[in-house]
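Peer 1: The following block contains the structure, expressed as structure tokens.
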Amino acid sequence: MTLPLVDHLGISVADVAATADRFEPVLTELGYVRADAGTTVFWTRLARSARQLTGGWR
């Protein structure tokens with residue numbers, strides 16, 4: 001049996017900074033490294049997967 005695997009996940013939020021501050025402790029504990037790029041914050045691990053928060057959603 002083969003289980004599906006999530007390659008990446010993107011979440012749009014109204015306040016990127018506040019949301020990133022809430023996600024950071026959990027994702028850091030799971031081994032992800034944070035990278036900020038303008039209004040987008042990425043967490044990556046082993047260059048295979050990324051979690052992304054993008055500003056602008058209302």
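The values are calculated or read from the model by the stated rules, or taken from the named source; none is laboratory data. Please read these numbers as outputs of a predicted model, since none were measured by experiment. Don't worry about glycine lacking a Cβ; one is built from the backbone with ideal geometry, like all the others, and counts go over all protein chains shown.
Peer 1: Among the residues that make up the stretch 16-24, is at least one of them assigned to a loop (DSSP other than H, G, I, E, B), at pLDDT 85 or above and not aliphatic (A, V, I, L, M)?
Peer 2: no
Peer 1: Which pairs do you get when a residue that is free of Cβ contacts under 8 Å to residues at least 24 places away in the same chain and closer than 13 Å to residue 42 by Cβ, found in the stretch 15-28, comes within reach of a residue that is surrounded by 14 or more Cβ atoms within 10 Å (Cβ to Cβ) and hydroxyl-bearing (Ser, Thr, Tyr), reach meaning Cβ atoms under 9 angstrom, with the pair 6+ apart or on two chains?
Peer 2: From the stretch 15-28, the pairs are 24/32.
Peer 1: Further question on the same structure: Would you point out which residue out of 34, 45 is at pLDDT 85 or above and either within 9 Å of the chain's Cα centre (by Cα) or basic (Lys, Arg) (or both)?
Peer 2: 34
Peer 1: Give the stretch 8-29 a look and list any residue that's touching a strand residue (DSSP E or B) at 6+ places or on another chain (Cβ under 6 Å) and among the aliphatic types (A, V, I, L, M), or say none.
Peer 2: Result: 9, 11, 13, 16, 20, 27.
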